[in-house]
Each structure stands twice: as C-alpha cells, then as structure tokens.
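J.: Got a structure for you, written out below as structure tokens; questions coming shortly.
The values are calculated or read from the model by the stated rules, or taken from the named source; none is laboratory data. Source: prediction; values computed, not measured. Reconstructed Cβ throughout: ideal geometry from the backbone, glycine too, with neighbour counts over all protein chains shown. Ligands, DNA and RNA are excluded from the accessible area calculation, which covers all protein heavy atoms including side chains. Shrake-Rupley method; radii C 1.70, N 1.55, O 1.52, S 1.80 Å.
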Amino acid sequence: MPEYPAEITLRPLSSPPDARVRVPGSKSLTNRALIVAAMAEGSSTLTGALDCDDTRVMLDSLGRLGIGVEHDPASATIAIKGCGGKIPAREAELFVANSGTSLRFLTAMVSTGDGTYRLDGTPRMRQRPVADLLQALNGLGADARSDLGTGCPPVTVKASWLDGGYAFVKGDVSSQFLSGLLMALPYSRDVTTIEVQGVLVSQPYVAMTMAVMESFGVRIGNRKFRRFDVRPAHYQGRTYAIEPDASAASYFFALAAITGGTVTVEGLGTGSIQGDMAFVDVLEHMGCTVVRDRDATTVTGGPLRGVDVEMNAFSDTVMTQAVVALFAQGMSRIRNVTHIRHKETDRLAALASELRKLGATVDEHPDGLVIFPPAQITPARIATYDDHRMAMSFALAGLKAEGVTILDPGCVAKTYPGFWDDLARLSG
C-alpha cells in the first residue's frame with residue numbers, strides 16, 4: 001500500500017481536463033465473487049480484482065477459514081480453491097476492520113459451516129448494525145449472537161449447517177444483510193424463502209449479488225425484490241472478470257462536471273451491472289453531456305443547475321453528488337438515504353458539517369440534505385471521519401476552488417489506494 005501524508009492541500013486546475021481513466025475493480029463485485037468462489041466446487045480465478053483494505057481483510061478471513069487463496073496484486077488476479085460448501089476450519093477468529101461487506105457476507109457464510117466462528121472489527125464496526133442478519137440466520141437454524149448484546153459486532157456463530165426454511169429480513173438498514181443470506185443459502189439443507197420487510201434499500205446491489213451467483217451457476221427465484229426462493233445448489237468454479245468500480249468512477253465523472261472538462265472512464269458503459277452508474281444520469285440532468293458506449297462512458301461538464309434527486313438505489317455516490325452541488329446554480333436536494341447514517345460514519349451529518357465549512361448552507365433532514373451553494377467557496381480543512389468517500393469526494397472541490405485541505409488522506413486505502421496518484425495524473 002502507498003504511504004500517505006497527514007494531509008493534502010489541493011490546487012485548482014489551470015485548465016479543464018480532457019482525459020481517459022480506468023479505475024480499479026469494483027469492491028462490491030470483488031467481495032461478492034470472493035465469497036461465491038470460496039464456496040464453489042473447484043477452482044476460480046478473479047481477474048481485474050481490487051486490491052484494497054476491504055478486499056484484503058476478506059482474503060485474510062477466507063484464509064483463516066481454510067480456503068486456499070493466492071493474491072497477485074500486480075496482475076490484479078486472485079486464485080481461489082473452492083471448498084465445495086464445506087468450510088475446512090472448525091474454529092476461526094476473523095477480524096474485518098471496518099468492512100461492512102466482509103462482516104455481513106462472512107457471518108452468513110460461516111453459518112453454513114460446522115464449528116465456532118467469531119467476527120470482530122474496529123471501534124466503528126462495533127457500532128454498525130448486524131442484528132437483523134443474526135435474527136434471520138437464527139430462524140434458519142444457526143446460533144448467531146452479538147457478544148455484547150448490542151446488535152453489533154463482535155459476533156459469534158456456532159454453526160451446524162443451515163436448515164433452510166422461511167425467514168424475514170428487514171430491508172431498510174442495509175441490503176448487505178440480504179445479499180449475504182442469498183449467497184450462503186444455496187448450501188442450506190432445504191429450500192429457503194426470504195421475505196423482505198419494509199422497503200429494500202440499495203436494490204441494485206442485490207441485483208448485482210444475483211448476477212454474480214448466476215455467473216457461478218446458481219439462479220434463485222426473485223419476486224419483485226420482496227420475496228426470494230433459494231434451492232439447494234452448488235456454485236461451480238470459473239474465471240470471472242471484475243468490472244471497474246462505478247462508485248470510484250463517480251469522482252472522475254464529477255471532476256468533468258465541476259470543471260467543464262471531458263473525462264472518459266474506460267470499462268464502464270451500458271453493459272455494466274453496477275447501479276452506481278445512475279450517477280451520470282444525475283449529472284446529465286444538471287447540465288452535463290453524457291456519451292454512453294458499451295465499454296466506456298464520457299462526461300463533459302457544462303453550466304450546472306441544482307437538482308432534486310432520490311438516491312436510495314445508488315447511495316454510495318451521495319457524497320460525490322453533494323460536492324457537485326456546491327458548484328451548481330440553485331438549491332440541490334438529496335433524498336431517501338437514511339441508511340447511509342450507518343456506514344463508515346454518519347455520512348449525512350459528516351457531509352452537512354464539511355459542506356458548511358466550504359460556505360454552503362445545508363439543511364440536514366433524517367433522510368437527506370438540502371444544499372444551497374455559496375457564492376464563493378471558503379477555504380477549509382476537511383475532516384474525513386476515517387471515511388474514504390469523504391476524502392475522495394471533497395478532493396474534487398479543491399481542484400476547482402483555492403484552499404481546500406483534506407485531512408487523513410490515507411483513509412482512501414479502504415477501497416482505492418491509488419486514488420491520489422490517479423487524480424494527479426488526470427489533473428496534470
């Protein structure tokens with residue numbers, strides 16, 4: 001991993017960029033493919049795989065479970081020897097840092113095993129909810145508990161395989177609960193039906209989960225993302241190509257938007273299965289020109305106008321959108337993203353605080369923000385709250401306005417270790 005300074009002060013671009021970039025592989029796809037490949041029959045190779053803190057803790061945990069993994073960061077490949085649904089280790093201590101996908105997906109996966117497994121993470125991870133997933137797993141035959149009784153990690157799972165059957169899972173906190181269940185349930189003894197209670201947040205991420213499962217040979221029943229039927233089945237090992245990360249691409253699309261430049265992101269186009277590509281639709285509504293090809297997307301900035309947008313389905317780009325709103329004419333509103341308060345930090349509160357430092361007037365609501373851009377950006381030192389998306393999003397403001405300093409820039413290592421180098425190359 002790169003070495004990072006304690007802070008970085010950005011300099012505004014001397015001219016709008018005209019550039020092409022290819023961002024690293026999708027974290028969401030990498031961690032899903034790792035779980036499925038680990039449970040599969042036979043060996044798999046993931047190409048274009050992301051190398052970051054989140055994927056490294058997943059790889060470490062799979063190794064502790066006895067799964068054979070070989071990671072070559074230089075070639076962005078990971079080789080996995082699947083366990084055929086029989087987790088080799090009977091006991092394991094898994095440290096997942098602050099990786100929500102690793103916690104939720106591994107908790108479900110180890111419930112299909114035969115042994116005792118404990119999962120823990122950073123102090124912030126011990127504040128992130130997992131109770132709804134534990135309740136669903138216990139209804140299907142697991143013995144999964146929050147050790148401190150908080151509904152958060154550390155979690156201990158005493159597994160003797162999953163029976164299957166019928167369970168509910170709440171949909172309004174995190175789609176990762178449902179995704180973790182769906183990936184694990186083909187290894188239950190019997191057919192399983194999962195009913196979603198309430199509105200399912202981040203629905204495209206569940207669609208992504210099912211697409212990965214299908215690529216490894218398992219198709220499940222989906223009734224309008226309200227009810228899912230999973231029959232016993234085995235994944236089959238294969239070579240699987242990871243798409244570039246659409247969430248990471250949003251920073252470069254936004255850079256074009258706020259500077260009036262043109263940026264093409266390679267490897268992401270109309271064929272993408274990632275819901276976060278909807279971010280370019282918002283930029284188009286704000287006044288940008290977007291060209292969508294099969295394997296690339298180009299954004300050219302124009303005069304930006306404020307927008308009222310519901311972002312539940314692509315909420316990882318909320319922070320990027322909030323920074324773009326600083327440079328638009330008129331008010332912008334971001335709605336229906338209450339669940340991002342349970343991420344690496346309370347993202348709505350963090351956004352409101354740091355946007356105000358830059359001179360914006362911000363009304364914080366339970367489910368979103370209303371942003372009134374300033375006449376001129378105020379120089380500021382931006383706190384990042386150990387949240388990679390805070391650092392990457394607010395860096396964009398510093399490429400348009402003077403005096404923006406990002407504190408703890410190393411937090412980008414969670415999902416995009418090379419972000420600052422890529423930004424420097426793109427901006428000249």
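J.: At a threshold of 8 angstrom on Cα-Cα distance, excluding pairs fewer than six apart, so keeping six or more, what relative contact order does the stretch 329-410 reach in percent?
T.: Computed over the stretch 329-410, the figure is 27 percent.
J.: Another question, then. Rounded to whole Hz and in sequence order, give me ³J(HN,Hα) for the stretch 134-146 from the Karplus expression 6.51 cos²θ - 1.76 cosθ + 1.60, θ = phi - 60°, writing x for Gly and Pro.
T.: With the stated coefficients, the stretch 134-146 comes to 4, 4, 5, 5, 5, x, 9, x, 7, 10, 10, 9, 7 Hz.
J.: While we're on this one: Under a 5 Å amide H to amide H cut-off, with H placed in plane at 1.01 Å, what residues pair with Cys83 once short-range neighbours are removed?
T.: Under 5 Å from the amide H of Cys83: Met39, Ala40.
J.: Here's another thing I want to ask about it. Helix 347-357: angle to the longest alpha-carbon principal axis of the chain, degrees 0 to 90, nearest 10?
T.: The answer is roughly 20 degrees.
J.: Of the listed peptides 353-366, 335-348, what is their order by residue-averaged count of other C-beta atoms within 10 Å, with the highest listed first?
T.: Highest-to-lowest ranking by the protection proxy: 335-348, 353-366.
J.: In addition: Given H placed 1.01 Å from N in the peptide plane, which residues other than close sequence neighbours of Tyr240 have an amide H under 5 Å from its amide H?
T.: Thr45, Leu46, Thr47
J.: So what's the back-of-envelope 222 nm ellipticity for the chain, counting only DSSP H runs of four-plus at -39500 (n - 2.57) apiece and dividing by all residues, rounded to 500?
T.: The helix-only estimate for the chain comes to -9000 deg cm²/dmol at 222 nm.
J.: Using Cα extents along the principal axes in Å as the read-out, say which of (1) 72, 59, 40; (2) 61, 42, 41; (3) 72, 44, 39 was calculated from these coordinates.
T.: The calculated read-out lines up with (2).
J.: So who's got an amide H within less than 5 Å of the one on Asp143, skipping anything under 5 residues away but keeping other chains? H placed 1.01 Å off N, in plane.
T.: Lys158, Ser160
J.: Given R₀ = 35 Å, what would the calculated FRET efficiency be for Ala296 paired with Glu93, taking r from the Cβ atoms and rounding to 0.05? Please report the intermediate quantities before stating the final value.
T.: Numbers: r = 43 Å, r/R0 = 1.24.
The value I calculate is 0.20.
J.: Another question about this same structure. Roll a 1.4 Å probe over the protein heavy atoms and report the accessible area of Arg56 in Å², nearest 10.
T.: Counting only protein heavy atoms, Arg56 exposes about 100 Å² to solvent.
J.: Hey, another quick one. Could you give each residue of the stretch 291-307 its phi-based ³J(HN,Hα) in whole Hz, using Karplus coefficients 6.51, -1.76, 1.60 with θ = phi - 60°, and x for Gly or Pro?
T.: 10, 10, 10, 4, 10, 6, 9, 10, 10, 10, x, x, x, 9, 10, x, 9
J.: First check a/c for the stretch 92-249, with a ≥ b ≥ c the square roots of the eigenvalues of its C-alpha gyration tensor; if it is under 1.5, answer rounded, and if not, answer prolate when a/b is larger than b/c or oblate otherwise.
T.: On the way: a/c = 1.36, a/b = 1.16, b/c = 1.17.
Rounded, since a/c falls under 1.5.
J.: Per residue, how much accessible surface does the chain expose to a 1.4 Å probe? Answer in Å², no decimals.
T.: Solvent-accessible surface per residue comes out at 37 Å².
J.: Then there is this: Using θ = phi - 60° and the Karplus form 6.51 cos²θ - 1.76 cosθ + 1.60, what ³J(HN,Hα) does each residue of the stretch 104-113 get, whole Hz, x for Gly and Pro?
T.: Listing the rounded values in order: 5, 5, 5, 4, 5, 4, 5, 5, 8, x Hz.
J.: Modelling each spin label as a point 7 Å along the Cα-to-Cβ direction, I'd like the Thr77/Glu266 distance in nm, to one decimal.
T.: 1.9 nm
J.: In percent, how large is the relative contact order of the stretch 66-173, given Cα pairs closer than 8 Å and 6 or more residues apart?
T.: Dividing the mean separation by the residue count of the stretch 66-173 yields 23 percent.
J.: Quick one: check the C-alpha center-to-center distance for the stretch 297-328 versus the stretch 128-163, whole angstrom.
T.: Going from one Cα centre to the other spans 37 Å.
J.: Let me ask something else. Once the whole set of protein chains is in place, how much accessible area is left on Cys83, using a 1.4 Å probe, in Å² to the nearest 10?
T.: Around 20 Å² of this residue is reachable by solvent.
J.: Follow-up question, since we're still on this one. Relative to the Cα centre, what is the charge dipole magnitude of the chain, using +1 at the beta carbon of each Lys and Arg, -1 at the beta carbon of each Asp and Glu, and rounding to the nearest 20 debye?
T.: So the dipole magnitude of the chain works out to roughly 560 debye.
J.: Give me the accessible area of Ser43, 1.4 Å probe, in Å² rounded to the nearest 10.
T.: 80 Å²
J.: Give me the percent of DSSP beta bridges within the chain that run antiparallel, rounded to the nearest 5.
T.: Details: 48 of 74 bridges.
Within the chain, antiparallel bridges account for around 65 percent of the total.
J.: Calculated FRET efficiency, Val191 and Arg381, Cβ-Cβ r, R0 51 Å, to nearest 0.05?
T.: The calculated FRET efficiency here is 0.40.
J.: Need the list of aspartates and glutamates near Lys170 for cross-linking: C-alpha distance under 15 angstrom, and skip anything on the same chain fewer than eight residues off.
T.: Asp132, Glu195
J.: To continue, here is another question. Run the simple label-point estimate for Arg335 and Glu214 please: 7 Å along Cα→C-beta, distance reported in nm.
T.: My value for the distance between the label points is 3.1 nm.
J.: Okay, moving on. Using a Gaussian network model of the chain with C-alpha springs under 10 Å, which one of Arg227, Arg126, Arg22 is most mobile by mean-square fluctuation?
T.: The residue that fluctuates most here is Arg227.
J.: To the nearest 0.05, what FRET efficiency results for Ser353 and Lys224 with a Förster distance of 30 Å applied to their C-beta separation? Can you show the working numbers first?
T.: Details: r = 38 Å, r/R0 = 1.27.
E(calc), rounded to 0.05, equals 0.20.
J.: Continuing with this model, one more query. Given the Cα-Cα distance of Leu407 and Glu7 and 0.36 nm per residue of separation, how much length would full extension add, in nm?
T.: Computed gain between Leu407 and Glu7 is 143.6 nm.
J.: While we're looking at this one, here's another question. Could you sort Phe225, Phe394 by their accessible area in this structure, using a 1.4 Å probe and putting the largest first?
T.: These residues rank, largest area first, as Phe225, Phe394.
J.: Given an 8 Å cut-off on Cα distances and at least 6 residues of separation, report the relative contact order of the chain as a percent.
T.: 18 percent
J.: Determine the alpha carbon to alpha carbon distance for each of Lys224/Lys343; Lys158/Lys414; Lys86/Lys158; Lys357/Lys400; Lys343/Lys414 and list only those over 19 Å.
T.: Details: Lys224/Lys343 26 Å; Lys158/Lys414 29 Å; Lys86/Lys158 15 Å; Lys357/Lys400 16 Å; Lys343/Lys414 13 Å.
Cα-Cα > 19 Å for Lys224/Lys343; Lys158/Lys414; rest within.
J.: Protein chains only, probe 1.4 Å: how do Ser15, Ser272 rank by accessible area, largest first? All intermediate terms of the calculation are to be shown ahead of the outcome.
T.: Numbers: Ser15 70, Ser272 30 Å².
Putting Ser15, Ser272 in descending order of accessible area: Ser15, Ser272.
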